[in-house]
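In what follows, a structure is listed as structure tokens, so that the remarks can point back to it.
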Number of protein chains: 2
Amino acid sequence: MYRSHTNGELRLENVNQEVTLSGWVQKVRDKGFMIWIDLRDRYGITQLIFDEERSSKELMEQAKTLGREFVIQIKGNIIERASKNPNIPTGNIEILVSTLTILNIAKLPPFTIEDETDGGDELRMKYRYLDIRRKPVRDNLIFRSKVTMEVRNYLSKEGFIDVETPYLIKSTPEGARDFVVPSRMNEGQFYALPQSPQTFKQLLMVGGMDKYFQIVKCFRDEDLRADRQPEFTQIDCEMAFVEQEDILNTFEGLTKHLLKEIKDVEVGVFPRMTYDYAIKTYGNDKPDIRFDMKFGELNDLAQNKGFGVFDSQELVVGIAVPGCANYSRKQTDKLIDFVKRPQVGANGLIWAKYNEDGTFKSSVDKFFSQEDLATWAERLNANKGDLMLILAGNAEKTRTQLSVLRMEMAETLGLRKPNEFAPLWVVDFPLLEWDEETKRYHAMHHPFTSPKPEDMNMLESDPGKVRANAYDMVLNGNEIGGGSIRIFDKETQSRMFDLLGFTKEEAENQFGFLMNAFEYGAPPHGGIAFGLDRLVAILGGQETIRDFIAFPKNNSGRDVMIDAPSNIDDKQLKELNLKLDL
Amino acid sequence: MYRSHTNGELRLENVNQEVTLSGWVQKVRDKGFMIWIDLRDRYGITQLIFDEERSSKELMEQAKTLGREFVIQIKGNIIERASKNPNIPTGNIEILVSTLTILNIAKLPPFTIEDETDGGDELRMKYRYLDIRRKPVRDNLIFRSKVTMEVRNYLSKEGFIDVETPYLIKSTPEGARDFVVPSRMNEGQFYALPQSPQTFKQLLMVGGMDKYFQIVKCFRDEDLRADRQPEFTQIDCEMAFVEQEDILNTFEGLTKHLLKEIKDVEVGVFPRMTYDYAIKTYGNDKPDIRFDMKFGELNDLAQNKGFGVFDSQELVVGIAVPGCANYSRKQTDKLIDFVKRPQVGANGLIWAKYNEDGTFKSSVDKFFSQEDLATWAERLNANKGDLMLILAGNAEKTRTQLSVLRMEMAETLGLRKPNEFAPLWVVDFPLLEWDEETKRYHAMHHPFTSPKPEDMNMLESDPGKVRANAYDMVLNGNEIGGGSIRIFDKETQSRMFDLLGFTKEEAENQFGFLMNAFEYGAPPHGGIAFGLDRLVAILGGQETIRDFIAFPKNNSGRDVMIDAPSNIDDKQLKELNLKLDL
């Protein structure tokens, strides 16, 4: 037996007990006549003490040989500490060691195993097994485990069945790029790794499983943007005999449960907002509503007043930034520089201060009177002391630009509080979006999403106008989940594939099994999928997902710790009937 | 809202309520003036009634159009049944339908959706979504979900952290064949899908995670034997600062918990048996101990008595089959045929009946006296009325043959009772096994298994004798879990790779990251993995795993429902820098 207790559990009431502990040497303080060691494991830190008076000479010598991250086992007696440490739960006691066994030695780690480490990202990833010893990373992984248990318990209690769907499935060129897996037994053929279990969960509904969930790995071979992983985890759910309302209620329930159990935060009924409203009011479909700064459109107030920059534009739109009327010229110039950065792409920025004394001061005073600016303030819900920021241009681009500026201002003002949670639903997404490059419509959600029945008549005549029974859950400016009511009859599904430019043969070849299934009594159904990595990161109050993943890959899709991907044997290639073509 | 209740919940006390139900038409009984319909969903069956007196003519007409597996929604009033059906929980009531809506029509299913179906295996797999509607398959999937929830809850309560390990890892030629995944972003390189998360869970222990578990898909590109799947699921676990005893106790606890919660079966302390004892006593390392028939070795009793067939052989070994002394010549001849089948491979079989009157009758009466046969009976623990069956030959082969015969006899006698559970531990496995083909040692478990410290001195001098700290959990003649205490220092791990014929470069190239990790303070650790598919099947009292998997593959590794694997685009191949080489 390596230990009688962990390093996190001993307290004053245990004094005088004999214990056996094991763990890592976190720190050695050697005063010559006295040595203290912080012994660490997952559960905490316990202080060990050796001293000239009470420890044997051999033991003192042995203790002096210990280095950082050595793995040791000790036996000893619990004593009350002379100088207590109120910062750790075991801070009232220490162990007077009687026997010390070195279980394993350790080379000096390449970075410090402390909350704040001196290791850079590359080094931390290469030695991820050491990085995980650091409390912040370890706590994130434990937090993730706790979130998934809560998800499972909640959904199980709600009658959802955890069903595993296959990983070796069929490649479909639609959507993102698949990772493929050559089959040795079926020459020249390939499996694909799932981008999501979408078709399988729909087949489970056809199969009468009624309520399905799975926490499941999904795969996308995309050029990686920052904070994207080629493999990621979804909470994948589907329900039969439901309307959109049923799904929203069920998963609003799940999210409330998580916020309560995990963060002890109570939230009320989630606001619901149409896609159109979100775009017009926040410039994007995943608004952060922890703070206000809603968009106000100023075309009727600001155009045709002699300011040419506004007059020719499709949209003039602004926000009121609270309490920033006292910005200096330097500060407003910085904002102008910000929106002109290529990543944002605006041509310029107009500002107008609503001073505390009720007067206005703007960068366009030549063109607009105090009365004009007062109408802007009213439209933007500006209060005295606020700074109005206005952009003009093509509607879609300008909204996106103002959305970026809004987030930037919120960040600057500290309004994106990690421990405040503002969930909402965005609903009534368009069914399709036009792709300029391929000159055809793409499914905004995926080809299985049901059009709204009342918009079905426009499916061929005005497809861009058709709204879908699709919804996203948004939390703190991130889409954490999305789903839809599905098509469940062959005819509509077939029309949908037509619209998306599939030939009959392509549709049949790729999704024939699903359309066939719809002919044997498919129930109405719908579902949702949450991005677990992101959800956990946001609940954990952090922006990046990487430290909530035990062994993440870098931006080239490499695991730098195990050095994968790597070359394989010619023999292996031959067995797969493949040749490299570099 | 598609339904106010499910089809499994209405009872007598609900009579007179107005309800809305949805589901599939299981059965229509049309008596002309009266129509009964069994409406089915996951939760049960509820009877609907339409009759001339109480239903409108239109409704009657509409009901007559319904076919099997149509999806319908009805509104109606709950009434007490005239003739009750005690076989189903809703058998006391029926619904007098007032409105009927057809949600979806259905083609006639290619097989009957009944407990006993007329569909063959291929057909059932092609239309798996219909097969899943059948109660036995549906119940198996729900059962599996329940088992995994119990596993997760138990291990979480025991302090295990659920950590997801990566699916896109590194190919290693050791062990079974990997499925590989070409990387587009890293030209000419490949990921591999994990055969198990072995090295990652060990790294989690090095990382101080202390107790890890994961229910995880694993992949092996092997020629498929019956009832093997290219993708399968493991309950994968690892613990730090443990000895073998700690692991056995923890997972004996888990298994007892499952038996109690899932099957309401209480089992005592699991017997433990060494590998050597299991081989000698049952002829294999996964003995079914629901019944006895232990092997008895007869060399000293049966050799050198003039029966040449025995004299020249390495081993003479037998079992006593209870109550079969009355077997006819035809029956014993059938057993002789059985052992001579190429799949068993024995040259012949000797039988000896221990008659009820205390006399013996054998196929070798010419060579052995009554007294001789009495000594056999004593050695084999035969009682009056038992049939002794004896094989002779090469020790290893003969034990395997007798083991097959023992299982056959148990099957014949109905001793393999699906609802009896006899778990045990098999321990002290050999570290290595000699492979005649490659003329070298292979790791019996895997290369990370720790030799027993007391056998370490034989590692180079007599490697075949070295025992491992490895253990299997066996249930009803199946290995359901296996694990080991791991090597946790670089030097031993390196010796191990030497022994297994790795060059230094190969070892470094494939497992350098693990050996490096061992240099930074690796704790003693060990673990176990359970085959979930098999475990669930056995707990469910069944022998085959396929109906506990929602979408299994056939023996060629194909999913016949979605028709995968399949060809992929040339464009896709080009992006991966690959060419087919058929």
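Values in this text are rule-based calculations from the coordinates and carry no lab data. Being a predicted model, the structure only gives us computed values, none of them experimental. Cβ coordinates were reconstructed from backbone atoms using ideal geometry, including for glycine residues, and neighbour counts include every protein chain displayed.
Computed quantities for the displayed model
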{"item": "Nearest-ten-degree value, helix B:395-412 long axis tilted from longest Cα axis of chain B", "result": "30"}
{"item": "Sequence-distant aspartates and glutamates (8 or more away, or on other chains) whose Cα lies within less than 16 Å of B:Lys334", "result": "B:Glu408, B:Glu411"}
{"item": "Computed magnitude of the charge dipole of chain B (debye, nearest 20; Cβ of K, R +1, Cβ of D, E -1)", "result": "1700"}
{"item": "Distance histogram for region A:333-376 (every C-alpha pair counted, 10 angstrom bins, percent rounded to whole numbers)", "result": "27, 40, 28, 5"}
{"item": "Neighbourhood charge, 10 Å Cβ-Cβ cut-off, centred on A:Leu573 and excluding it, Lys, Arg +1 and Asp, Glu -1", "result": "-1"}
{"item": "Violating pairs (Cα-Cα greater than 24 angstrom) within the set A:Lys260/A:Lys553; B:Lys211/B:Lys490; B:Lys263/B:Lys417; B:Lys211/B:Lys263; A:Lys504/B:Lys553; A:Lys553/B:Lys571", "result": "A:Lys260/A:Lys553; B:Lys211/B:Lys263; A:Lys504/B:Lys553; A:Lys553/B:Lys571"}
{"item": "Formal net charge of residues neighbouring B:Leu413 (Cβ-Cβ distance under 12 Å; K, R +1; D, E -1)", "result": "0"}
{"item": "Point-to-point label distance, A:Thr503-B:Asp311, nm (Cα→Cβ direction, 7 Å offset)", "result": "8.0"}
{"item": "Dipole magnitude of the protein assembly as shown, debye to nearest 20 (Cβ charges: Lys/Arg +1, Asp/Glu -1, about Cα centre)", "result": "560"}
{"item": "FRET efficiency estimate (nearest 0.05) - Cβ-Cβ, B:Glu18 to A:Asp569, R0 56 angstrom", "result": "0.20"}
{"item": "Difference of contour (0.36 nm per residue) and Cα-Cα distance, B:Val269 to B:Asn304", "result": "8.3 nm"}
{"item": "Cut-off under 5 Å, modelled amide H: who pairs with B:Tyr520 long-range", "result": "A:Lys107"}
{"item": "Nearest-first distances (nm) between copies at A:Asn326, label 7 Å from Cα via Cβ", "result": "10.6"}
{"item": "Proximal aspartates and glutamates relative to B:Lys452, as straight alpha-carbon distance under 17 Å, when same-chain residues fewer than 8 apart are discounted", "result": "B:Glu243, B:Glu245, B:Asp246, B:Asp276, B:Asp428, B:Glu433, B:Glu460, B:Asp462, B:Asp472, B:Asp489, B:Glu491"}
{"item": "Gain in span if fully extended, A:Lys31 to A:Ser461, counting 0.36 nm per residue against the direct Cα distance", "result": "146.3 nm"}
{"item": "Helix axis angle, B:329-340 relative to chain B longest principal axis, alpha carbon, degrees", "result": "80"}
{"item": "Scattering curve values for chain B, log₁₀ I(q)/I(0), Debye with Cα scatterers, q = 0.08, 0.09, 0.10, 0.12 Å⁻¹", "result": "-0.77, -0.92, -1.05, -1.24"}
{"item": "Two-site label geometry, A:Met444 and A:Asp581: point separation in nm, points 7 Å out along Cα→Cβ", "result": "3.8"}
{"item": "The protein assembly as shown: C-alpha gyration tensor shape, a/c 1.5 cut-off, then a/b vs b/c", "result": "oblate"}
{"item": "Proxy reagent accessibility, fewest Cβ within 10 Å first, across B:Thr503, B:Thr90, B:Thr412", "result": "B:Thr503, B:Thr412, B:Thr90"}
{"item": "Contact order normalised by residue count of chain A, Cα under 8 Å, 6+ apart, percent", "result": "13"}
{"item": "Signed unit charges on C-beta, dipole axis of region A:459-515, positive-most listed residue A:Gly501, A:Gly483, A:Phe511", "result": "A:Gly483"}
{"item": "Formal net charge of residues neighbouring B:Asp357 (Cβ-Cβ distance under 14 Å; K, R +1; D, E -1)", "result": "+1"}
{"item": "Gyration tensor (alpha-carbon) shape descriptor, region A:387-436, a/c threshold 1.5", "result": "oblate"}
{"item": "Length-normalised contact order for region B:291-412 - Cα pairs under 8 Å, 6+ apart - percent", "result": "36"}
{"item": "Separation in nanometres of the label points that stand 7 Å from Cα toward Cβ, at A:Gln370 and B:Asn381", "result": "10.7"}
{"item": "Gyration tensor (alpha-carbon) shape descriptor, region B:12-104, a/c threshold 1.5", "result": "rounded"}
{"item": "Violating pairs (Cα-Cα greater than 23 angstrom) within the set A:Lys201/B:Lys217; A:Lys126/B:Lys170; B:Lys294/B:Lys439", "result": "B:Lys294/B:Lys439"}
{"item": "Helix B:504-518 axis, angle to chain B major axis (alpha carbon atoms, nearest 10°)", "result": "70"}
{"item": "Sequence ranges A:99-112, B:130-143, ranked by mean other-Cβ count within 10 angstrom, highest first", "result": "B:130-143, A:99-112"}
{"item": "Partner chain coverage, peptide B:128-136 - average Cβ within 10 angstrom", "result": "5"}
